[in-house]
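Quick notes on the structure that follows.
The values are calculated or read from the model by the stated rules, or taken from the named source; none is laboratory data. Predicted model only: the values in this text are computed from it and were never measured. Neighbour counts are summed over all protein chains in view; Cβ atoms, including those assigned to glycine, are modelled from backbone coordinates with ideal geometry. Heavy atoms of the whole protein, side chains included, go into the accessibility calculation; ligands, DNA and RNA do not. Shrake-Rupley method; radii C 1.70, N 1.55, O 1.52, S 1.80 Å.
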Amino acid sequence: YAVSMENKQAKEKSKDQNISQEKAIKIAKEYAEKLYGVDCADAVSTTEYDETQLSADAEVSSYYVTLEKEAWKYNITVEVDSENGSVNQIDLENKEGEECVAGVMPDEKLYRKNVKKVLQYFDKLNLEKDISSIRVIYKLKKDGTLNRGNVKYMVRLRDGSAGVVMYSASTKDLYRFYRISDYKVAMQMEDQACEKQKERGLVIYNKSVMK
C-alpha cells in the first residue's frame, strides 16, 4: 500500500532515486496538459509513494500524483517512476459518472474509429513511431452488452513492451493508460483470462486493427 511521503525519505535516499516529489508533480502536470489540454497552473496536487513488484526480481518505485481542479469534470492521477521520471500509468476519475457501467451495447465501428484517438494519444506520449500493432479487446455478456462497459486497446511497441489504453463506453473517455514491460507475456495472460471467461459464457472480441 502507499506509504506517506514523510515515512519514505530514508528509503528513497538509500535507493539513490533521482526524481524529487516536486519534479514528479511537474512531470505529472506536463503530461496532464499535453494529453488532456487542461491548465494545471493552479491545480491542487496530492502525492503518494508506492513500490510495485513487477516480477520476482523487478520492482518499480513511483510517485502517484493526483491533480484536481473544481472546474474539471475529472481528477487525473499520474504514476511517475521515481528513478527516471518516466510515466507508467495515467488514470482519469470522472466526477460525473462511472467509467465501467453494465448494460451498454457495443459499437464495433466506433471502437475501430477510436484507433485514431489512440494513435494521437501515443503521439503525445512520443510513442507513436514505436507502435508495431494494435489489438482491440472487449467482452460481451449473453445479452450482447459489454461485460464491464469498457474496451481495451493493447498496443505493441517495437521494443517488445506494450502500452494499454482503456476506453469507457459510458463516459466516452480514454480513461486509463499503463505500460507493460513484456507484450508477449501480457497477451498470454490475456488469452488465459479470455478462455476462462468463455467458459462462463462471455463472448470475446479480440482482433487486430493495425499490423
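Numbers for the structure displayed
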read-out: Pick from segment 160-211, criterion hydroxyl-bearing (S, T, Y) and in a strand (DSSP E or B), ranking: nearest to E128 (Cα to Cα); value: Y178
read-out: Check on K116, within 27 Å of D39 (Cα to Cα), free of Cβ contacts under 8 Å to residues at least 40 places away in the same chain and not β-branched (V, I, T); value: yes
read-out: Subset tally (residues that are more than 18 Å from the chain's Cα centre (by Cα) and of a type in the set (A, V, I, L, M, F, W, C)) for segment 56-90; value: 4
read-out: Top-ranked residue of segment 37-47 - restricted to ones that are at pLDDT 90 or above and surrounded by fewer than 17 Cβ atoms within 10 Å (Cβ to Cβ), ranked as farthest from R176 (Cα to Cα); value: D42
read-out: Filter pass, S208 being open to solvent by 10 Å² or more (accessible area, probe 1.4 Å), of a type in the set (G, A, S) and either within 26 Å of Y64 (Cα to Cα) or in contact with a strand residue (DSSP E or B) (Cβ under 9 Å, 6 or more places away or on another chain) (or both); value: yes
read-out: Complete set of residues in segment 62-90 that are assigned to a loop (DSSP other than H, G, I, E, B), among the hydroxyl-bearing types (S, T, Y) and buried (at least 17 other Cβ atoms within 10 Å of the Cβ); value: S82
read-out: Residues located in segment 91-139, provided they are of a type outside the set (D, E, K, R), assigned to a loop (DSSP other than H, G, I, E, B) and more than 15 Å from the chain's Cα centre (by Cα); value: G97, V101, A102, G103, V104, M105, P106, N114, N126
read-out: Unmet requirement for Y121, which otherwise passes all of (1) open to solvent by 70 Å² or more (accessible area, probe 1.4 Å); (2) on the phi < 0 side of the Ramachandran plot; value: (1)
read-out: Conditions (1) at pLDDT below 90; (2) within 19 Å of Y36 (Cβ to Cβ); (3) not acidic (D, E): number failed by V101; value: (2)
read-out: Considering residues of segment 167-182 that are in contact (Cβ under 8 Å) with a residue 40 or more places away in the chain and among the aliphatic types (A, V, I, L, M) only, the residue surrounded by the fewest Cβ atoms within 10 Å (Cβ to Cβ); value: L174
